[in-house]
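First up is the structure itself, then whatever we jot down about it.
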Amino acid sequence: MPPRPTVSGGVTVCPMTVPSTRAAVRDVSAAAGPRRLFAALVGLTVLFVFLQSLTAGEFISDGLSQGAKEVWTDAHGLIAYPVMVFALAAAVVGALRLRAARGAVVGAAVLFVLAVVQWLLGHCITTLGWDWVTPWHVVLAFVVYGLSIWLSVRSAALRRGR
């Protein structure tokens, strides 16, 4: 029960309490296991987003044979699947087990949706030949990258109980 305000000399005084240790401020609403699992899934998502960025420009480089460009394009496309799978898994684990960490859960769900849109845009470029979609694909890649980094930092804080 919070302390009651008192009146002293016509002035209302509201005593404040401050936790004395860091442990008192920690979010203990979720067990450590789901927080670790969420952080691991986000970490795997970020790893594959990073691998996506490494392969992104390889197939548009000058001087590569058509066969080499196709290999890089295929690798880039295949790496998109783990991004979507791990982002979805993080969103599901977050929604089911980390309800108190609403921002991180919403972030994981948004990351999954953006990864699917990114994948669809990539297929529009490669399968349908819609090269006009490429700028949207590239801009969305930066958004996905930024969101995944924010989510990584947030999930690390959750893992530590903050």
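The values are calculated or read from the model by the stated rules, or taken from the named source; none is laboratory data. As the structure is a computational prediction, the values presented were derived from the model and not from experiment. Cβ atoms come from the backbone with ideal geometry, glycine included; neighbour counts cover every protein chain shown. For the accessible areas, the whole protein counts, side chains as well, though only heavy atoms, and no ligand, DNA or RNA atoms are used. Shrake-Rupley method; radii C 1.70, N 1.55, O 1.52, S 1.80 Å.
Quick look at the numbers
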item	result
Probe 1.4 Å, all protein chains present, accessible-area order of Ile149, Ile79, largest first	Ile149, Ile79
R0 of 35 Å, Cβ-Cβ distance Asp62-Val116: FRET efficiency to nearest 0.05	0.65
Protein-only accessible surface order, largest first, of Tyr81, Tyr145 at 1.4 Å	Tyr81, Tyr145
Kirkwood Rh (inverse of mean 1/r, distinct Cα pairs), the range 82-131, angstrom	11.6 Å
Nearest-10 value in Å² for the accessible area of Arg36, using the 1.4 Å probe	140 Å²
Heavy-atom SASA rank of Leu51, Leu111, Leu147 (probe 1.4 Å, accessible area, largest first)	Leu51, Leu147, Leu111
Convex hull volume per residue for the range 104-162, taking Cα atoms only, in Å³	58 Å³
